[in-house]
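A quick write-up on the structure given underneath.
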Amino acid sequence: MPDEPKTLDPAARPATTTAPAATTGPRGAAVAADSPAPNRAHRWTLGLVTVGLVLAALNLRPAITSLGALLEEVSADLHMSGTVAGVLTSVPPLCFAIFGITAPRLARRFGPAAVVCAGMAAIFTGLILRPFAGGTVGFLAASALALMGIAVSNVLMPVIVKRYFPDRIGSMTGLYSMALALGTSLAAAATVPMTAALGGDWRIGLGVWAAIAALAVLPWIPLVRDRDRASEDRGDKGRGATTAATESAAPRITRSRTAWALGCYFGLQATGAYITMGWMPQIFRDAGVPASTAGVLLAVTMVMGVPLAFVIPRLATRMRNQGPIVVALGLCGLAGYTGLFLAPAAGAWVWAVLLGISNCSFPLALTMIGMRSRTGAGVVRLSAFAQSVGYLISIPGPLLVGVLYQHSGGWGLPIVLMGGLMVPQMIVGTLAGRDRTVEDES
C-alpha cells in the first residue's frame, strides 16, 4: 500500500479542527483533514495481517508432514494397500495444482482475506475430521478438504503481502516463509513423540494439529470485509476498474516468458523438495546411517529453511536481478547431491546442510512472484499460474526416483537424476529472476 500521509504532531495541532486553509496546499490539506483514528486503524489492520500471515503459514504443511511421520500406523489401522499409501503421498501437489488455480476467481469475488480465512477453516475442518474417519475413503476426503484450504492459501500469501506491504515484500515474504518452514519441521519432528506422550493413538497425534489451525482462523475474521480497502487507498476507480484490469490481465500470463520460467522454476524446486522429504532418510539408511540419525538429518535439512527463509527474500528484494541467488542455491544442491553420490555416510551432515540451503529456493520463488508483477491483480494471476504449473511439474519426480531405485538396485542413478535437475532449475530460475514484470511482456 502507498505510504500513509504524515500526520502532524498532536501537540502542534490546533485546538479547534477546521477545514484546511487554502495556503496549506494539497498535501497540507490532506494532513489537516486527517484524524489520528484512520492511522491507528491502519496500523491495527497491518498488525492483524502480520499475525494472520504467520499463523496461516504455520498451518500450510503440518497436514502433510504430520501424516508422513505416522503413515505406517495409519496405513495399518485403515487397511490401506501399499499402492493407496503411495498415492496418498502424491495427493498434496496434485491438490495444490488443481485447487490453487481457483484462487484468483475466489479472490475476485470474495476478496483475498476472506478466501484465506475460509482456507484456514477448511484446514481446521479437515484436520479435525480426518482422525475420526471410519475408513480410507473418509480419510482421503478429509485430507483433500485440508489440502484444498492449503492450496488456495498457498496462492494468496504473496497476494496478501503485495496488497498490504508493497514496500516490504522481502521482509514479509521472509517472515511467513520462515513460519512455513518452522511449521513443516515442527510437525515432522514432534508428531511421533507427541503421539507417544498422548497414549500412542495416531488419531490424537494427527488431530492435535487442528488446534493451531483453529487459532489461524481468528485473525482473518475481522479482515473478511477488507476486500476493497487497499484499492481505495491506491485511488483506484472502484471495484469495476479493478475487476476489469484483472480480467484483461488474465490471458496475458500464459503469454509471458517470465511467468513460464517462474512456473518451471517453482516446479523444479518443489520436485527437489519432495524428493528430499520422501527419500533422503532412506538414502542415508541404505548407506549405513542409523534410522534415528537419518531422521535427524532430514530435520536438519528442513530446519535450515527457518533462518534462511527470512534472509533470502530480504536480500532478493534489494537486487534488481535474482539470478545470482538462484545460481548460488543451485550450486549448493549440486554439491549436496554429489556428496550423496560419492560418500553418503562419511559427509552426511554436510550434505544435509547443503540440501537444506538449496531447498530455500522456495521462499525465493515466492518473493519473485511478488516482484514480477506491478499490480495486485497481476500477482494473483501469476501466483496461481506459477504454483499450479509448478506443482503439476513436481508430481512425477518422487515417483520416478522410486522407480529408478527399484529397477537399478541402488541410489546411483536416482541421485544423478536429482543432481541433473539442478541444471535446468538454475537456467529457468535465472530467466525468472530478470528485472522485468509480466506486464512488460504483454
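The table below lists the values:
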read-out	value
Count of segment 159-178 residues which are in a helix (DSSP H, G or I) and either within 15 Å of residue 114 (Cα to Cα) or open to solvent by 10 Å² or more (accessible area, probe 1.4 Å) (or both)	11
Candidates 67, 60, 46, 88 - the one that is of a type in the set (A, V, I, L, M) and part of a loop (DSSP other than H, G, I, E, B)	60
Residues of segment 190-215 satisfying the condition of being assigned to a helix (DSSP H, G or I) and either within 22 Å of the chain's Cα centre (by Cα) or of a type in the set (Lys, Arg) (or both)	190, 191, 203, 206, 210, 211, 212, 213, 214, 215
Qualifying residue in segment 375-394 (condition: in a helix (DSSP H, G or I), open to solvent by less than 10 Å² (accessible area, probe 1.4 Å) and within 15 Å of residue 294 (Cα to Cα))	no
Test: residue in segment 217-229 that is of a type in the set (Lys, Arg), at pLDDT below 90 and either assigned to a loop (DSSP other than H, G, I, E, B) or in contact with a Phe, Trp or Tyr (Cβ under 8 Å, 6 or more places away or on another chain) (or both)	yes
Counted residues, segment 402-436 - those being open to solvent by 20 Å² or more (accessible area, probe 1.4 Å) and under 30 Å from residue 382 (Cα atoms)	13
Test for residue 156: is it open to solvent by 10 Å² or more (accessible area, probe 1.4 Å), within 18 Å of residue 216 (Cα to Cα), part of a helix (DSSP H, G or I) and at pLDDT 90 or above	no
Filtered residues of segment 364-400 (kept if touching a Pro at 6+ places or on another chain (Cβ under 7 Å) and among the small types (Gly, Ala, Ser))	370, 383, 384, 394
Pairs, first over 26 Å from residue 434 (Cβ atoms) in segment 322-346, second open to solvent by 50 Å² or more (accessible area, probe 1.4 Å) and charged (D, E, K, R), C-beta under 9 Å, six or more apart	344/286
Hits in segment 364-422 - residues which are within 26 Å of residue 354 (Cβ to Cβ), touching a Gly at 6+ places or on another chain (Cβ under 8 Å) and of a type in the set (Ser, Thr, Tyr)	367, 391, 394
Where a residue in segment 428-440 is of a type in the set (D, E, K, R) and its partner, wherever it lies, is surrounded by fewer than 19 Cβ atoms within 10 Å (Cβ to Cβ) and not in a helix (DSSP H, G or I), with Cβ under 7 Å and at least six apart	434/321; 435/320; 435/321; 439/374
Residue 175 being touching a residue at least 60 places away in the same chain (Cβ under 8 Å) and under 27 Å from residue 43 (Cα atoms)	yes
Candidates 93, 104, 131 - the one that is farther than 21 Å from residue 394 by Cβ and either open to solvent by less than 20 Å² (accessible area, probe 1.4 Å) or in a loop (DSSP other than H, G, I, E, B) (or both)	131
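The values are calculated or read from the model by the stated rules, or taken from the named source; none is laboratory data. This one's a predicted model, so the numbers in the text were calculated from it and none came from an experiment. Quick reminder, even Gly has a Cβ in these numbers, built from the backbone with ideal geometry, and neighbours come from all protein chains shown. We work out accessible area using only protein heavy atoms, side chains counted, and drop any ligands, DNA or RNA first. Shrake-Rupley method; radii C 1.70, N 1.55, O 1.52, S 1.80 Å.
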